[in-house]
Amino acid sequence: MKRSDQGKDATLNTHVKNILLNGTMACTLAILALGTVSATAQTTKPAAAKADPNAVTAIDILLEPDATMLQHAQAVNDRLRKVFPKGFALDATHRPHITLVQRFVLTKNLDKVYAAVGKVFAGANVTGLKLEAFKYYYIPDKDLGLSGIVIKPTPELIKLEMQVIDAVTPFAEKTGTSAAFVTGDVPEVLPALITYVSEFVPKSSGEHYHPHVTTGLAPREYLDKMLAEPFQSFTFSPAGAAVYHLGHFGTAAKKLKQFDLKH
């Protein structure tokens with residue numbers, strides 16, 4: 001491996017370790033087992049807006065991959081669940097996606113966020129983006145690893161990300177509390193998740209942006225063997241764009257808004 005590639009991998013590992021939130025895989029599994037993240041999709045504001053005008057919502061503005069990526073992600077997930085059945089399925093509470101930005105916004109301003117971001121997507125040929133998946137990765141935590149497929153950050157994808165960030169910035173709040181997330185029966189999210197969303201811009205955006213699709217959990221010993229296998233790069237495109245309400249550990253837990261994209 002070239003020294004430059006090693007540096008890039010180190011940066012990527014640092015970034016995605018933040019997503020895992022300081023080695024809390026065991027807590028992730030406990031929450032998954034409890035089924036505490038709601039699977040209900042909606043296109044309306046969270047109910048908190050009616051009760052508190054200062055309520056804040058943690059959102060993920062993301063791209064939904066096409067059938068090509070979905071098939072690859074599902075194949076990996078099926079493979080991992082055979083060796084580690086306690087891992088999660090790619091279902092309504094773990095939708096395969098490519099995050100563009102995560103932010104806190106006032107719940108009462110969600111419609112304004114949708115309008116601003118919708119203009120960006122309306123003016124961009126999102127489904128025309130050609131993206132390349134080029135390797136597997138995983139984030140280690142003791143004997144387990146969180147696996148995913150890494151995507152090359154093209155100039156066009158980074159441009160779109162920055163346009164979306166600019167659109168949502170006027171409505172962004174500096175931080176929020178656990179009440180900003182979909183929490184289910186576990187009311188408190190980890191403090192590191194709040195910090196991560198608060199600092200997504202600039203720490204995980206622009207030159208620090210590392211797009212990926214998470215695929216599941218498995219023992220590290222198995223993942224090491226999987227990563228040693230040749231990876232057949234493939235190209236795909238986004239098929240949709242949406243805003244999701246964030247749940248525990250930064251999952252895309254509840255759909256708030258689906259955008260109509262030009263094809």
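The values are calculated or read from the model by the stated rules, or taken from the named source; none is laboratory data. Values in this document were obtained by computation on a predicted structure and should not be read as measured data. Neighbour counts run over all protein chains shown; Cβ positions are idealised from the backbone, glycine included. Side chains are part of the model used for accessible areas, which takes the heavy atoms of the whole protein and leaves out ligands, DNA and RNA. Shrake-Rupley method; radii C 1.70, N 1.55, O 1.52, S 1.80 Å.
Any idea of the accessible area per residue across region 135-263, 1.4 Å probe, to the nearest Å²?
45
Determine the relative contact order of region 63-126: mean sequence separation of Cα pairs under 8 Å and six or more apart, normalised by residue count, in whole percent.
34
Find how much the distance from Thr175 to Ala75 grows on full extension, using 0.36 nm per residue of separation minus their present alpha carbon separation; answer in nm with one decimal. Don't jump to the answer; show the numbers that get you there.
Details: separation 100, 0.36 × 100 = 36.00 nm, distance 3.67 nm.
Here the segment from Thr175 to Ala75 would lengthen by 32.3 nm.
With all protein chains present, calculate the accessible area of Tyr137 using a 1.4 Å probe and round the result to the nearest 10 Å².
10
Could you compute the FRET efficiency for Val186 and Lys112, with r as their C-beta to C-beta distance and R0 at 25 Å, rounded to 0.05?
Taking R0 as 25 Å, the efficiency between Val186 and Lys112 is 0.25.
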